[in-house]
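The values are calculated or read from the model by the stated rules, or taken from the named source; none is laboratory data. Keep in mind it's a predicted model, so treat the numbers as computed, not measured. Note that we place each Cβ from the backbone using ideal geometry, even for glycine, and neighbour counts take in every protein chain shown. In case anyone asks, the SASA skips ligands and DNA or RNA and just uses the protein heavy atoms, side chains included. Shrake-Rupley method; radii C 1.70, N 1.55, O 1.52, S 1.80 Å.
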Amino acid sequence: MSDAVVGHLLTRKEEILERLKSLLRLPSVSTDPAYAEGMRAAREFLLARLREIGMQDVRLLEAGGQPAVYGAWTGAPGRPTLIIYGHYDVQPPDPLELWQTSPFEPSVRDGRLYARGASDVKGSTLIAVETVGAFLAVQGGCPVNVKLFLEGEEEVGSPSLPALIDKYRDLLAADAMLSADGGRASTTIPTISVGCRGICALQVALRTAAKDAHSGRVGGAVRNALHEMAKLVASLHDDQGRIRVEGFLDGAIEVTPELRAESAALPFDEARWYADLGAAPFGDPDYTVVERTTLRPTVEVNGMWGGYTGAGGKTVLPCEAFAKLTMRLVPGQDPAHAQEAVKRHFEAHCPPGVELRFDYRPGGTRAFTLPSGHPLLAAAERVIEHVHGLKPVRTRAGGTVPITTLFQEKLGIDSLMFGLAMPDEDAHAPNEFFRLASLEEGLKTWPLLLTELGALTPAAFPRR
């Protein structure tokens, strides 16, 4: 069934590329209200395309935040029903001066399509949409029932997604989910993601006095808020990077010999990795770099500020300091428990006379794992081996894809991340790009995967 669909897609590759460029020209930055028109235009573009390819019940799903774009085709009785997930929002393009070409005017150079959102994740999202459209055009139907769900808040942490899932629970009922988000771990070796870390966040404010003061008049006799924040932050780890927060590691999975072997299956040049970052080696010496960045949790300061940061100098002793932290979590960790452990750590190490305030959204996202032997994983591995001639290496992502955990917890379904993005494509950075070779690969693999999954029955998929 899929051969004719693949042929149809490949003969229209240039047309699909131009359609992708049109989508990339729409500045759909979800975090900045200044881009509201770009967000609206991207939704309208996708709604129109879903109607054009023959999807049914095409509409916006809203729950107080950025709406999701939805469309369904359910004409395959007795076959699995799959949610196909992507997102249309992108990161801000700043700093603009570092882009070689305009971030929202796509440019092709050396087999690469440069634009904000090309890799993360409009390229892979449109591949999934076009694959469904090709099945409907060539075969008059899909091998599986499809519910396209294209989110508009992924790049800001999906804040309204839990409410949206609750509101549309019946509409989103399915047997499994395929995600166009979540890319590959190597540019040369086929890989497939079997999980990702979770996340939670915390903001800390610290006050040492009622007001800022002249550093010459009070320095040495009053605590400096920035000094105190620096000491608290430094107490989170030992000198080698081990986390020293009591209770934070509760429930975290052990790195077993089996997990070590899995993480070592993909060749990794540690020296080159550090050289590419321009950084020196660091981290818990009991684990490899791959293990530290995928199998172990983290507590990281994302920002610290206070006092005077303008041009020139100002001899002031600041009375307030602030820090933003995120914690990446591994299977077994509870986000609320991890947040509370870090909060308690700050309180326990805070000296007398210093006031702490915390601002955080309770909860967060648990880590996600796709179990070995899952029908989604087995089907994807067969497809990748067919296309590449090699069985893919199983990898875990160090980042977080909230939808995977939310769908598992709220809808009882598992997810496969089947994106085409590669690790060197500068997602979230200037000069983001997507390989044209990946576009062609996606137009081959997505039809094969839907065909493989269409050979199964709904009973083959476990419920959580």
Residues located in segment 320-342, provided they are open to solvent by 40 Å² or more (accessible area, probe 1.4 Å) and within 18 Å of K231 (Cα to Cα): E320, F322, K324
Pairs where the first residue, in segment 162-186, is more than 27 Å from A421 (Cβ to Cβ) and the second is open to solvent by 40 Å² or more (accessible area, probe 1.4 Å) and part of a loop (DSSP other than H, G, I, E, B), C-beta under 7 Å, 6+ apart: A163/G64
Residue in segment 334-341 that is part of a strand (DSSP E or B) and in contact with a strand residue (DSSP E or B) (Cβ under 9 Å, 6 or more places away or on another chain) present: no
Meets criteria (in a loop (DSSP other than H, G, I, E, B), within 15 Å of D426 (Cβ to Cβ) and either in contact (Cβ under 8 Å) with a residue 24 or more places away in the chain or not basic (K, R) (or both)) for P159: no
Selection status of G398, modelled with pLDDT under 95, surrounded by fewer than 19 Cβ atoms within 10 Å (Cβ to Cβ) and not aliphatic (A, V, I, L, M): yes
Residue check, A429 closer than 26 Å to I127 by Cα, surrounded by fewer than 16 Cβ atoms within 10 Å (Cβ to Cβ) and under 17 Å from the mean Cα position of the chain (by Cα): yes
Restricting segment 197-241 to residues that are more than 23 Å from V354 (Cα to Cα) and open to solvent by 50 Å² or more (accessible area, probe 1.4 Å), the residue that is farthest from the chain's Cα centre (by Cα): D239
Selection within segment 286-319 - in contact with a helix residue (DSSP H, G or I) (Cβ under 7 Å, 6 or more places away or on another chain) and either small (G, A, S) or surrounded by fewer than 18 Cβ atoms within 10 Å (Cβ to Cβ) (or both): V289, V301, M304, G306, G307, T315, V316
Unmet criterion (only one of (1) in contact (Cβ under 8 Å) with a residue 12 or more places away in the chain; (2) open to solvent by 30 Å² or more (accessible area, probe 1.4 Å)) for G283: (2)
Residues of segment 134-148 that turn out to be open to solvent by less than 10 Å² (accessible area, probe 1.4 Å) and in a helix (DSSP H, G or I), as a count: 2
Tally, over segment 149-196, of residues that are open to solvent by 20 Å² or more (accessible area, probe 1.4 Å), on the phi < 0 side of the Ramachandran plot and under 20 Å from the mean Cα position of the chain (by Cα): 10
Counted residues, segment 249-277 - those being outside any helix (DSSP H, G or I), open to solvent by less than 70 Å² (accessible area, probe 1.4 Å) and either free of Cβ contacts under 8 Å to residues at least 40 places away in the same chain or more than 15 Å from L295 (Cα to Cα) (or both): 1
Within segment 444-464, tally of residues that are in contact (Cβ under 8 Å) with a residue 60 or more places away in the chain and assigned to a helix (DSSP H, G or I): 13
Segment 359-389 - residue that is part of a strand (DSSP E or B) and open to solvent by 50 Å² or more (accessible area, probe 1.4 Å) and, of those, nearest to T451 (Cα to Cα): T369
